[in-house]
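J.: The following block contains the structure, expressed as structure tokens.
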Amino acid sequence: MDSKAELKIIDRYVEIKEIEDGQPLIMKLILEHFLPNNRFEEARSWRNALEDKELKTEADTAIKERLKNGKIVSLSRYPQNTDWTDVSPEGKSKQTDDQQYHYDRTISYMNTKKELIDDVEDIETCRNEWITFVARAYEESLGSNGALFETLAMAISDYIELILLPNKFVETRFNSNENAMSNATPTIENAYATRPDLVEYLRTHAPQVLGDSYLMNFFCLTGVTGKSEEVIVTDQYIAFIPEKLSGWNAGRMQLIRRESVVVIAVGSEYHTEYQGITSDSASYWTLTFETSNYEQFTRWLYLGKNEKEMNQYRPQLGKIMDSLGNYFDLEEGDSFQTSGGYQTSFGYGFWV
């Protein structure tokens, strides 16, 4: 990372942005500094500061291309992740390569200390600059302990968008004596502030959802060979969001009232797909949302093809079940064994 050259560009941008067109400098940062170093959070944030539509499209294309081959830091992020409230912000951070720990501790520290609260007015209009500046400052102390720059940028971005700017500080056992605000549930619009494409999609297709309170979300499939979906549960709705939001072959969103769901039947399916003389088998959990209107919405959760994968995915899926149990009645559903390709299907009862 050529930090001196990057800082020189940023300093120049800050100097001229009010009197000249600073967009070429933003593109230079995105294309020559952020993306080559897998700094996707900053790339997206600085992209949002662009005003020219063509430059925005160019930046989007570059980000998508880099995502195909770049190293992505996979984290569970707030508000979907609330485990960070249990991570102590006190003392020195641990020496570890666990990026989830560094994310959780960073956002816990910023929330507890109410970091940047005196700079809210400037951050409101220059959040892209602040994410980069603060990430650099934090990296000086946390980088040597294993925290990646991208991890710090994500934590800082989420803190700014979901806690600092909406003034919704989270009360934890670490700041309960500081009269911190209660753990206010963010709206969908605030919870997905870092995903403007989804916010715009909801504004077009289901604007009533944006102001509703976020409860939970998870990803699933529409069938064993189906497309991916994101299920968002709010105070009043359940939204089934397609993976492809626009363009040719875009999916269709389904929206139902949360109060209409009588029960979620949790079943399982073992599916074998035949391809000539070979076959491929995998296990799934199924979730069937049964409504008071006699409708059913079934979604599949991939469980794995072998013991190793199942031990990897079951804890994650178990957390989804625990969360769903907070808002819905769960009951044991049907279990099946199915097959595709050149073979016929048959069913039998079992519970994975």
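The values are calculated or read from the model by the stated rules, or taken from the named source; none is laboratory data. From a predicted model like this one, the values you see are computed outputs, not experimental measurements. Here the Cβ positions follow ideal geometry from the backbone for every residue, glycine too, while neighbour counts run over all protein chains shown.
J.: For the stretch 73-92, give me each residue that is aliphatic (A, V, I, L, M) and more than 13 Å from the chain's Cα centre (by Cα).
T.: VAL87
J.: Inside the stretch 135-164, can you point out the residues that are of a type in the set (A, V, I, L, M), assigned to a helix (DSSP H, G or I) and in contact with a Phe, Trp or Tyr (Cβ under 9 Å, 6 or more places away or on another chain)?
T.: Residues satisfying the conditions are ALA135, LEU152, ALA153, MET154, ALA155, ILE156, ILE160, LEU162, ILE163.
J.: Follow-up question, since we're still on this one. How many residues, within the stretch 183-206, are in a helix (DSSP H, G or I), surrounded by 14 or more Cβ atoms within 10 Å (Cβ to Cβ) and not hydrophobic (A, V, I, L, M, F, W, C)?
T.: 4
J.: Among helices (runs of 4 or more DSSP H) lying entirely in the stretch 17-89, which contain 1 or more residues that are closer than 30 Å to PRO186 by Cα and among the basic types (Lys, Arg)?
T.: On the way: elements: 23-29, 40-47, 53-69.
Because the criterion is at least 1 residues that are closer than 30 Å to PRO186 by Cα and among the basic types (Lys, Arg), the helices (runs of 4 or more DSSP H) in the stretch 17-89 that meet it are 40-47, 53-69.
J.: State yes or no: is ILE156 under 22 Å from GLY91 (Cβ atoms) and either touching a residue at least 12 places away in the same chain (Cβ under 8 Å) or not aliphatic (A, V, I, L, M) (or both)?
T.: Yes: the conditions hold for ILE156.
J.: Here's something else I'd like to know. Run ARG252 past the list (1) within 25 Å of GLN316 (Cα to Cα); (2) in the same structural domain as GLY333 (by TED's automatic domain parsing); (3) out of contact with any helix residue (DSSP H, G or I) (no Cβ under 6 Å at 6 or more places or on another chain) and report the number of the one that doesn't hold.
T.: (1)
J.: Can THR61 be described as buried (at least 21 other Cβ atoms within 10 Å of the Cβ), of a type in the set (Val, Ile, Thr) and under 25 Å from ILE30 (Cα atoms)?
T.: So THR61 fails the test.
J.: Next question. Report, by residue number, each residue of the stretch 206-220 that is in contact with a Leu (Cβ under 8 Å, 6 or more places away or on another chain) and free of Cβ contacts under 8 Å to residues at least 60 places away in the same chain.
T.: ALA206, VAL209, LEU210
J.: On to the next question. Of everything in the stretch 21-61 that's of a type in the set (D, E, K, R) and without any contact (Cβ under 8 Å) to a residue 12 or more places away in the chain, which residue is nearest to ASN128 (Cα to Cα)?
T.: Checking each candidate, the answer is LYS56.
J.: Here's a follow-up. Can you find, within the stretch 237-285, the residue that is nearest to ILE320 (Cα to Cα) among those that are β-branched (Val, Ile, Thr) and touching an Asp or Glu at 6+ places or on another chain (Cβ under 6 Å)? Write out each step before concluding.
T.: First, pick out the residues of the stretch 237-285 that are β-branched (Val, Ile, Thr): 238, 241, 256, 261-264, 266, 272, 277-278.
This time we only want the ones that are touching an Asp or Glu at 6+ places or on another chain (Cβ under 6 Å), so: 241, 262-263.
Values: ILE241: 17, VAL262: 18, VAL263: 15 Å.
Only one residue tops the list, namely VAL263.
J.: For the stretch 29-55, give me each residue that is among the basic types (Lys, Arg) and crowded, with 16+ Cβ neighbours inside 10 Å.
T.: Scanning the stretch 29-55 gives ARG39, ARG44, ARG47.
Rundown of residues vs (1) in contact (Cβ under 8 Å) with a residue 40 or more places away in the chain; (2) in contact with a Lys or Arg (Cβ under 9 Å, 6 or more places away or on another chain); (3) among the basic types (Lys, Arg), yes/no style:
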| site | (1), (2), (3) |
| --- | --- |
| ILE232 | yes, no, no |
| PHE240 | yes, yes, no |
| GLU243 | no, yes, no |
| ALA250 | no, yes, no |
| ILE256 | yes, no, no |
| ALA265 | yes, no, no |
| HIS271 | yes, no, no |
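J.: Of the residues in the stretch 107-134, how many are farther than 24 Å from VAL14 by Cβ and either assigned by TED's automatic domain parsing to the domain that holds MET27 or in a helix (DSSP H, G or I) (or both)?
T.: Filtering the stretch 107-134 down to residues farther than 24 Å from VAL14 by Cβ leaves 107-109, 111-114.
Subset that is either assigned by TED's automatic domain parsing to the domain that holds MET27 or in a helix (DSSP H, G or I) (or both): 107-109, 111-113.
So the answer is 6.
J.: Look at LEU301 and say whether it is modelled with pLDDT under 90 and closer than 18 Å to PHE219 by Cα.
T.: Taking the combined requirement at face value, the residue does not satisfy it.
J.: Ok, one more. Of the numbered conditions (1) more than 15 Å from LEU75 (Cα to Cα); (2) touching a Gly at 6+ places or on another chain (Cβ under 9 Å), PHE149 fails exactly one; give the number of that condition.
T.: Result: PHE149 fails condition (1) only.
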